[in-house]
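Comments concern the structure below.
The values are calculated or read from the model by the stated rules, or taken from the named source; none is laboratory data. Quick caveat: nothing in here was measured; it's all calculated off a predicted structure. Here Cβ is always computed from backbone atoms with ideal geometry, including for glycine, and neighbour counts include all displayed protein chains.
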Ligand code: ADP
């Protein structure tokens, strides 16, 4: 039996004193990967390796750093088959989706490789006897803690800008989906990332994740995951005055007005909640529909769910726990009196499959409209006016993304700017790209991933003033 080990200081590294965990393949229920479960001792080993490597990496010529990161992007593409097999084994997601996410991981490295050429600061014109400039500097060792829904993509989303900004990294994937992140570290090492610059420690959140957040040599943590864990990390970070990027949950609203292209809006509304079987923080799980088209749009949405076929275009719940959680929400929906329009059941198969599920007769105060379910579950809520639609969209603890479908361009802009969210899509759902900053408001978190903006979250700005002595 082969055990997946940590990647520390440029090599596969066994646990100092840990145990192992045997996973479950979510698509079949069969035995999955055996992974090592590290402890604080492994975290300390990795963080010290990252700390020792930070000066060398920070002072490498920026063009060379960029070339190395560009080679990581090439390495990811070259390893597409291997990475897709690892992601599919761990998550059960459809092949095309896995490959798109892996290509996205390569895109992060390609994009941030090119940004190493950006100026590192400004010159401030203050006084003739002073030369004052700002210098953007790396923070040091960055902890990257990621969940199980888009394992490789989310690891790359944080690691690529962190490395491009001159930091070193200790990453911790979810223990259920560790393979691709370890493969990424190996690919990075093969691409020329120096030993110690990119480390991966495997294990459980309460043990390994907490140890990363607590380690005194870790200077920032980028966390993607649930709100309770984000809060827990925030409490530790408060003690340490540790900067965080928190990318947490969402209950994002898609608003469809009666002048929208109905068929297209319906298929986008389904893509918004069924992609990755709804296990995406930026899923569009509330569909706000103008009352006059509610019947037609609901019918079109139900029809469009048929494109998501379990085991084919629709993957399973990635963990057994999530599979059970979604079923609990089916009971909540029934108790709350929501009207089940399609789905609402598990699929009769060995894996953790759930049917795409749509509820109408929902009000925005129901739990199924307020809580992040993280499964393929959509609630449909009618509205009458633009003001009401915006108020409903914003009446949420979360504020991650939003969508608006309308033929009225002025209304599209008005609504997009009124929605409390980090990103809003007009007339198509989730046109995300590496260039577009991503992150939340309210309980969805703070800080931004992606775009040039992310570099600011993996660096700090120093101001330096130099006295210029008068000429003699
Ligand atoms: P999800 O519900 O998506 O699994 P979690 O927030 O539980 O989200 O997990 C996201 C990541 O955070 C995983 O890598 C997990 O192991 C890690 N994690 C969980 N609890 C903690 C914690 N207390 N401190 C640090 N990391 C944690």
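The residues of the stretch 297-318 that are touching a helix residue (DSSP H, G or I) at 6+ places or on another chain (Cβ under 6 Å) and within 16 Å of the ligand (Cβ to nearest atom), listed by number, are 315, 317, 318.
The residues listed here are 355, 303; of these, the one that is more than 28 Å from the chain's Cα centre (by Cα), modelled with pLDDT of 95 or more, within 21 Å of residue 94 (Cβ to Cβ) and not assigned by TED's automatic domain parsing to the domain that holds residue 458 is 303.
Per the listing 294, 331, the residue uniquely free of Cβ contacts under 8 Å to residues at least 24 places away in the same chain and either in a helix (DSSP H, G or I) or in contact with a helix residue (DSSP H, G or I) (Cβ under 8 Å, 6 or more places away or on another chain) (or both) is 331. In the condition set (1) within 22 Å of residue 104 (Cα to Cα); (2) near the ligand (Cβ under 8 Å from one of its atoms), residue 228 is compliant with all but (1).
Scanning the stretch 458-472 for residues that are touching a strand residue (DSSP E or B) at 6+ places or on another chain (Cβ under 9 Å) and more than 19 Å from residue 125 (Cα to Cα) yields 458, 459, 460.
For the stretch 1-22, a tally of residues being surrounded by fewer than 20 Cβ atoms within 10 Å (Cβ to Cβ) and not in a loop (DSSP other than H, G, I, E, B) returns 6.
Of the residues making up the stretch 107-128, those that are out of contact with any strand residue (DSSP E or B) (no Cβ under 6 Å at 6 or more places or on another chain), touching a residue at least 12 places away in the same chain (Cβ under 8 Å) and more than 19 Å from residue 155 (Cβ to Cβ) number 5. For the stretch 197-217, taking the residues that are near the ligand (Cβ under 8 Å from one of its atoms) and in contact with a strand residue (DSSP E or B) (Cβ under 9 Å, 6 or more places away or on another chain), the one that is nearest to residue 41 (Cα to Cα) is identified as 208. Residue count for the stretch 146-178, restricted to those that are farther than 14 Å from residue 108 by Cβ and away from the ligand (no atom under 14 Å from the Cβ): 3. Return the residues of the stretch 362-385 that are part of a strand (DSSP E or B) and either over 29 Å from residue 318 (Cα atoms) or without any contact (Cβ under 8 Å) to a residue 40 or more places away in the chain (or both); say none if nothing qualifies. Scanning the stretch 362-385 gives 382, 383.
Only one of these is within 16 Å of the ligand (Cβ to nearest atom) and either touching a residue at least 60 places away in the same chain (Cβ under 8 Å) or part of a helix (DSSP H, G or I) (or both): 351, 321. Name it.
Result of the check over 351, 321: 321.
Can you list the helices (runs of 4 or more DSSP H) lying wholly within the stretch 386-472 that have 1 or more residues being modelled with pLDDT of 95 or more and not assigned by TED's automatic domain parsing to the domain that holds residue 229?
Details: elements: 386-394, 409-418, 453-457.
Where helices (runs of 4 or more DSSP H) fall fully within the stretch 386-472 and carry at least 1 residues being modelled with pLDDT of 95 or more and not assigned by TED's automatic domain parsing to the domain that holds residue 229, they are 386-394, 409-418.
Among the residues of the stretch 231-261, what is the count of those that are touching a residue at least 24 places away in the same chain (Cβ under 8 Å), farther than 30 Å from residue 404 by Cβ and more than 15 Å from the ligand (Cβ to nearest atom)? Summing the residues that are touching a residue at least 24 places away in the same chain (Cβ under 8 Å), farther than 30 Å from residue 404 by Cβ and more than 15 Å from the ligand (Cβ to nearest atom) in the stretch 231-261 gives 1.
Reported count of residues in the stretch 43-90, each being under 30 Å from residue 29 (Cβ atoms) and in a helix (DSSP H, G or I), is 12.
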